[in-house]
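The values are calculated or read from the model by the stated rules, or taken from the named source; none is laboratory data. Here the structure is a predicted model, which is why all the values come from computation and not from measurement. Positions of Cβ are generated from backbone atoms using ideal geometry, with glycine treated the same way; all protein chains shown enter the neighbour counts. Please note that ligands, DNA and RNA were not included when accessible areas were found on the heavy atoms of the full protein model with its side chains. Shrake-Rupley method; radii C 1.70, N 1.55, O 1.52, S 1.80 Å.
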Amino acid sequence: MNTLKLTKEQQDEAIRTIQSYFEEERGEELGDLAAWGVLDLFMTELAPYIYNQAVRDARTTVNQRMASMEEDLFALERKLPPASR
């Protein structure tokens, strides 16, 4: 599987978010290069776990919807006339 990609705008926003977090929570000023390193760590090491959980959640939702659709389809079936002998 390919590595997860962000657009340039998403990368810039993520870097600003990381810098803001470090400033507010840790009182540390983080430069662009350091923030990029944190983002790269998250994208390469943590994102696959999050991605896989999202796939599992989507699979569960699809399975629930399919079960519901199957029930709806059974409800649409018409009763057959009794077999004549």
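When residues of region 24-46 are filtered for being open to solvent by less than 80 Å² (accessible area, probe 1.4 Å) and either in a loop (DSSP other than H, G, I, E, B) or of a type in the set (Lys, Arg) (or both), how many remain?
Number satisfying all stated conditions: 4.
Quick one: which of TYR49, TYR21 is of a type in the set (Phe, Trp, Tyr) and either part of a loop (DSSP other than H, G, I, E, B) or exposed (fewer than 10 other Cβ atoms within 10 Å of the Cβ) (or both)? Can you show your working first?
On the way: TYR21 fails: either part of a loop (DSSP other than H, G, I, E, B) or exposed (fewer than 10 other Cβ atoms within 10 Å of the Cβ) (or both).
Of TYR49, TYR21, the one residue that is of a type in the set (Phe, Trp, Tyr) and either part of a loop (DSSP other than H, G, I, E, B) or exposed (fewer than 10 other Cβ atoms within 10 Å of the Cβ) (or both) is TYR49.
Among the residues that make up region 58-80, is at least one of them in contact (Cβ under 8 Å) with a residue 40 or more places away in the chain and not in a helix (DSSP H, G or I)? Steps first, please.
The first filter runs over region 58-80 and keeps only residues in contact (Cβ under 8 Å) with a residue 40 or more places away in the chain, leaving none.
The answer is no, given that none of the residues of region 58-80 is in contact (Cβ under 8 Å) with a residue 40 or more places away in the chain and not in a helix (DSSP H, G or I).
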